[in-house]
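**Q** Please see the structure below; I have some questions.
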Amino acid sequence: MLVTAKDMLDKAKEGRYAVGHFNINNLEWTKAILLTAQELQSPVILGVSEGAGKYMTGFETVTAMVKAMDKSLGITVPVALHLDHGTYEGCYKCIKAGFTSIMFDGSHLPFDENVEKTTELVHAAHHLGLSIEAEVGAIGGEEDGVIGKGECADPEECAKIASLGIDFLAAGIGNIHGVYPDNWEGLSFETLDAIKKKLIADGVDMPLVLHGGTGIPDDMIAKAISLGVSKINVNTECQLVFRDATREYIEAGKDQQGKGFDPRKLLNPGFEAIKAKVKEKMELFGSVGKA
Ligand code: 13P
């Protein structure tokens, strides 16, 4: 059932668990995530980066595929179709294409410009019933060719952006996209705590988003959730298990046995690996049975 991400994240905030945002790249990814969410009776967010949207031939293709698949698989759990790290133009394209949620990432812009564009996009999204995420303090690592280093957001700036009417906020707390380097210092819970306190003090408390979910140790995930994180983004980890399972299949020579070259067989180990990874994350985040 396609819905916005607002209600599911408000409920997660109340219930002190997090909803997984899993990036999709193609049909296999989408089907694996939807089926797992349904099996576990968990709400879920399908994240689409601008690069993945382009790869799938555009946001309209993505919307058509997700809507049709949601229906044909009989998915009854809440599913949000969400733009990940959207540009200003990308946000409008997704609003038009029928997404149910967008993220405007103005974190790399001068702060005043981030405020101005976020304000405009809040109105545009809410006017058509979409939820909207904004970002303060760049997330490190590489996302669609844009490289940033893990930055901690300023609580004052978080409160300002939160006051614009957004539905949930991504705030950098030392998190990085992709695999964490060996010398990573870990999440800054001090920053997360300061942000949360400032939002409460200013009367703009809302679900917080943790990007760069890949490779964050389980105890840090649990602590982040206890401090107010209600949405956790995972992308690289699904890519890695897909790669490993596909490699294993080919290295075992299974693609050369019988009809093992059939893409439905060749892609199946990767598909099953994504299902298992998504299940593991939903259990860790506490969203199982919360649909
Ligand atoms: P990872 O690729 O590190 O899991 O991060 C995903 C993400 O934050 C997408 O916005």
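The values are calculated or read from the model by the stated rules, or taken from the named source; none is laboratory data. Since we're looking at a predicted model, the values are computed, not measured. Glycine also receives a Cβ, built like all others from the backbone with ideal geometry; neighbour counts cover every protein chain displayed. Side chains are part of the model used for accessible areas, which takes the heavy atoms of the whole protein and leaves out ligands, DNA and RNA. Shrake-Rupley method; radii C 1.70, N 1.55, O 1.52, S 1.80 Å.
**Q** List, in the order given, every pair from Lys54/Lys117; Lys67/Lys290; Lys11/Lys275; Lys196/Lys279; Lys6/Lys290; Lys13/Lys67 whose Cα-Cα distance in the structure shown is over 18 Å.
**A** From Lys54/Lys117; Lys67/Lys290; Lys11/Lys275; Lys196/Lys279; Lys6/Lys290; Lys13/Lys67, over 18 Å: Lys54/Lys117; Lys67/Lys290; Lys11/Lys275; Lys196/Lys279; Lys13/Lys67.
**Q** How much area per residue is accessible in the chain when the probe is 1.4 Å and only protein heavy atoms are counted (Å²)? The partial results should precede the final answer.
**A** Numbers: 12770 Å² over 291 residues.
For the chain, the per-residue accessible area is 44 Å².
**Q** Highest mean first, what order results for 53-60, 180-187 on Cβ atoms within 10 Å?
**A** On the way: 53-60: 16.4, 180-187: 12.8.
Top of the packing list down: 53-60, 180-187.
**Q** Sorted by average packing, counted as other Cβ atoms within 10 angstrom per residue and highest first, what order do 254-263, 169-178, 100-109, 86-95 take? Write out the running numbers ahead of the final one.
**A** Values: 254-263: 11.2, 169-178: 25.7, 100-109: 23.5, 86-95: 19.5.
Per-residue mean Cβ counts within 10 Å order the peptides as 169-178, 100-109, 86-95, 254-263.
**Q** If you don't mind, another one. Given the Cα-Cα distance of Lys265 and Ser226 and 0.36 nm per residue of separation, how much length would full extension add, in nm?
**A** Numbers: separation 39, 0.36 × 39 = 14.04 nm, distance 4.12 nm.
Length gained, Lys265 through Ser226: 9.9 nm.
**Q** Calculate how steeply helix 59-72 sits against the longest principal axis of the alpha-carbon atoms of the chain, using the helix alpha-carbon long axis, and give the answer as 0 to 90 degrees to the nearest 10.
**A** Roughly 60 degrees between the two axes.
**Q** Which residue fluctuates most in the GNM of the chain (Cα springs below 10 Å): Gly15, Gly165, Gly253?
**A** Gly253
**Q** Relative to the first principal axis of the alpha-carbon coordinates of the chain, what is the inclination of helix 6-15, with its axis defined by its Cα atoms, in degrees from 0 to 90 and to the nearest 10?
**A** 80 degrees
**Q** Also: Suppose the chain between Glu280 and Arg243 were pulled fully straight at 0.36 nm per residue; how much longer would it get relative to their current alpha carbon spacing?
**A** Numbers: separation 37, 0.36 × 37 = 13.32 nm, distance 1.75 nm.
Result: 11.6 nm gained on full extension.
**Q** For the chain, which whole-number percentage of the solvent-accessible area (1.4 Å probe, protein heavy atoms only) is attributable to carbon and sulfur atoms?
**A** Carbon and sulfur atoms account for 53 percent of the accessible area of the chain.
**Q** Hey, with R₀ at 30 Å, roughly what FRET efficiency would Ile200 and His108 work out to, going by the Cβ-Cβ distance, to 0.05? Could the numbers behind the result be given before it?
**A** Working: r = 27 Å, r/R0 = 0.92.
After rounding to 0.05, the efficiency reads 0.65.
**Q** Per-residue HN-Hα couplings for the stretch 160-175, Karplus 6.51 cos²θ - 1.76 cosθ + 1.60 at θ = phi - 60°, whole Hz, x for Gly and Pro?
**A** 5, 5, 5, 6, 7, x, 5, 9, 7, 10, 8, 10, x, 10, x, 7
**Q** At 0.36 nm per residue, and after removing the present C-alpha to C-alpha distance, how many nm does the segment from Glu185 to Lys254 gain when stretched out fully?
**A** Values: separation 69, 0.36 × 69 = 24.84 nm, distance 4.15 nm.
Working it through step by step, the gained length comes to 20.7 nm.
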